[in-house]
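> Got a structure for you, questions after.
Read-outs throughout are calculated quantities, based only on the coordinates presented, and are distinct from any laboratory measurement. Just so we're clear, the structure is a prediction, and the values are computed from it rather than from any experiment. With ideal geometry, Cβ positions are generated from the backbone for all residues, glycine too; neighbour counts draw on all protein chains shown.
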Amino acid sequence: MINPYKIIVLSEIKDADLMFVMLKSGISKFIFGDFYNFDLYPKLIKEINFCLNNHSTQKILEIGAHPDDVEIGCGGTLKKHSYKGDDVLILTLTKGVKGGNKAEREEESMKAAKSLNAKLVMCDLENTQLTNGSDTILSIEKTIVEYNPNIIYTHSINDTHQDHRATHYATLVAARQIEKIYAYLAPSTTLDFRPRYFEHIEDFLDDKMCAIDCFLSQTIGCNHPNIKRSIIESTAQY
């Protein structure tokens, strides 16, 4: 499991086997020195100050057109951010009325967000009728102004669903001042989607599936092969 903390090992002995085992376990730093001559302590203080000065949480905004889009597209990355201590917010632009009951899908979205330690904002734009016009841009822009994220994840332009493409374009306009914007892989993305940035989520795949499982209206009695665990796992491996 990835360790979110900085762990410093103090030692008088430079043992190669010990160093290998510790580094494999996620140790952040080795400091060697003589305890009795106190030359170890200035090194320790310097390293602690470095860790404190370089530890900063980030604010992550993940945007989806419909309930469950974010969880399917980048739920593992979302959980990884929250595990590291980052502040995470999910913005869902519609309540998915074409795919089920509005109140039910809203409740499912809240449960999924809670399982990922994320906050949730849901707009009520028209499902399957999203555009990259002012309504969509302003909904995203309002959240960006209030939340002030460092990183944004959104749909790819290489997507067969019109709502996803509209969300992508609207995000680029609304988030034009944000330096880091990433598009995530979804079941509806096309072969033209060619990622250049990858997140390893092996330790968070179960968390992703737990979030997806919150959407019972989409998983129980529905024929949605794209959200079966075997498909999610093979996509992550790919």
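> Sorted by mean Cβ packing within 10 Å, highest first, what order do the peptides 231-237, 150-156, 105-111 take?
By packing density, highest mean first, the sequence is 150-156, 105-111, 231-237.
> Return a whole-number percent for the relative contact order of the chain, with Cα pairs under 8 Å and 6 or more residues apart as the contact set.
In percent, rounded to a whole number, it is 20.
> Percent relative contact order of segment 119-238, based on C-alpha pairs within less than 8 angstrom and at least six residues apart?
Worked out over segment 119-238, it gives 22 percent.
> Another question, if that's okay. Could you pull out the pairs from LYS29/LYS180; LYS59/LYS102; LYS119/LYS228; LYS14/LYS43 whose alpha carbons sit more than 21 Å apart here?
On the way: LYS29/LYS180 29 Å; LYS59/LYS102 28 Å; LYS119/LYS228 25 Å; LYS14/LYS43 16 Å.
From LYS29/LYS180; LYS59/LYS102; LYS119/LYS228; LYS14/LYS43, over 21 Å: LYS29/LYS180; LYS59/LYS102; LYS119/LYS228.
> Same structure, new question: What order, most packed first, do the peptides 191-200, 83-92 have when packing is the mean number of other Cβ atoms within 10 Å of each residue?
The densest-packed peptide leads the list: 83-92, 191-200.
> So for the pair GLU146, LEU10, with labels modelled 7 Å out along Cα→Cβ, what separation do we get in nm?
With each label point 7 Å from Cα toward Cβ, the separation is 4.8 nm.
> Suppose every K and R has +1 on its Cβ and every D and E has -1 on its Cβ; what is the size of the dipole of the chain about the Cα centre, in Debye to the nearest 20?
Result for the chain is approximately 260 debye, rounded to the nearest 20.
> Also: Identify, among ILE45, TYR169, THR235, the residue whose Cα sits farthest towards the positive end of the charge dipole of the chain, taking +1 on the Cβ of Lys and Arg and -1 on the Cβ of Asp and Glu, with the dipole about the Cα centre.
Among ILE45, TYR169, THR235, the one farthest towards the positive end of the dipole of the chain is ILE45.
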